[in-house]
Amino acid sequence: MATDIPTKAGGDLRWLASLLQMSDSFYPTGAYSHSFGLEGLAQAGVVTDRATLRAFLLGEVLPQLGRTDLPIAARAWVAAGEPPDWTGLREACRLGGAVRGAREPREASESIGCQRLELLARLHGGLAVELNRRAAAEGWPRPACVAAAIEGRTLGAPPEAVLAALVYAAASGVAVAAVKLLRLGQNAVQTLLAEGLAGAPDLIAAALALAPEEIGAFNPWWDIAAARHESADGRLFIS
């Protein structure tokens, strides 16, 4: 007897399993090698315990994500329609690189984005192949946020799901690094991660409503910590 599970009218979720694959820590993007600025802040004595980690995640990481990567990914998702708007995609790629003030986080985003797009082209072909070709020929950066949008379009995922995956990637990346850098257990960090993800719907809605001229963030102490991290005597992470 078939199980009668109600589904949303017209809901095609064939993209979901593949999006989960691309969001998994087993997916080889190189993200595990980056602390996304946390190590520099820990070295500076800014983030030292659960309370300061919470302030960093909820007060800095996620709000800045909502003003940079999320709206850029949303614009790239629209530009990646059929037919693709290559001018729009080029501008999204350039903007995705420009919103990071320090070299380390900018290079980290591009490294992860390039890896994701190369693997996407290998697994699914399609739009990623042409974007990689154009980026190589014309010198476009390929930031992680644009890569996420191209993944979503290739799989048929809606923009809200793409942005939710970006929120999870940003929050979990900081959480994983925190376990290695701070005297915190996994349970303590998971509670912070759950708290951060609870705000994802509002963060995504605000990012989708953000005007193009409002995209960007100014966070000099985070940028300074990232710049100092480049020349640190010792470090666990690339960024």
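Normalised per residue, the accessible area of the chain is 52 Å², obtained with a 1.4 Å probe and no contribution from ligands, DNA or RNA. Among Ala225, Ala165, Ala55, the largest mean-square fluctuation in a Gaussian network model of the chain, built with springs joining Cα atoms closer than 10 Å, belongs to Ala55. Summarising the label geometry, the points placed 7 Å from Cα in the beta-carbon direction at Thr87 and Leu20 lie 4.1 nm from one another.
Note on exposure: Glu130, Glu39, Glu91 ranked by accessible area (1.4 Å probe, complete protein assembly) read Glu91, Glu130, Glu39, with the most exposed listed first.
Evaluating 6.51 cos²θ - 1.76 cosθ + 1.60 at θ = phi - 60° for every residue in the stretch 119-128, the Karplus couplings come out as 5, 4, 4, 5, 7, 10, x, x, 4, 4 Hz, glycine and proline recorded as x. Round to the nearest 0.05 the FRET efficiency obtained for Thr191 and Leu236 when R0 = 30 Å and r is the Cβ-Cβ distance. In this case the efficiency is close to 0.80. Accessible area of Arg90 (1.4 Å probe, protein heavy atoms only, ligands and nucleic acids ignored): about 60 Å². Working from label points 7 Å from Cα in the Cα-to-Cβ sense, the Leu123 to Tyr27 distance is 0.5 nm. Note on Ala227 and Arg183: their simple-model spin labels are 3.2 nm apart, each label 7 Å out from Cα toward Cβ. With the whole protein complex present, Thr154 retains an accessible surface near 50 Å², based on a 1.4 Å probe. Relative to the dominant Cα principal axis of the chain, helix 159-181 is inclined by about 30°. Positive end of the dipole of the chain (Cβ unit charges, origin at the Cα centre): among Trp15, Val99, Trp222, the Cα lying farthest that way belongs to Trp222. Stokes-Einstein diffusion of the stretch 81-239 at 4 °C, 1.567 mPa s viscosity, Kirkwood radius from Cα pairs, rounded to a whole number: 75 µm²/s.
Backbone phi angles across the stretch 206-222, fed through the Karplus curve with coefficients 6.51, -1.76 and 1.60 (θ = phi - 60°), yield HN-Hα couplings of 5, 5, 5, 8, 6, 6, x, 6, 9, 5, x, 8, 10, 9, x, 5, 5 Hz in residue order; Gly and Pro are listed as x.
Taking the Cα centre of the chain as reference, the dipole from Cβ charges on Lys and Arg (+1) and Asp and Glu (-1) amounts to some 320 debye. For the stretch 115-164, with all protein chains in place and a probe radius of 1.4 Å, 48% of the accessible heavy-atom surface sits on carbon or sulfur. Karplus-derived 3J(HN,Hα) values for the stretch 74-90, using 6.51 cos²θ - 1.76 cosθ + 1.60 with θ = phi - 60°, are 5, 5, 5, 4, 5, 5, 8, x, 10, x, x, 8, 5, 5, x, 5, 4 Hz; glycine and proline are entered as x.
The values are calculated or read from the model by the stated rules, or taken from the named source; none is laboratory data. The structure displayed is predicted, hence computed values, not measured ones. Every residue, glycine as well, gets a Cβ built from its backbone with ideal geometry; the counts of neighbours run over all protein chains shown. Accessible surface areas use protein heavy atoms only, side chains included; no ligands, DNA or RNA. Shrake-Rupley method; radii C 1.70, N 1.55, O 1.52, S 1.80 Å.
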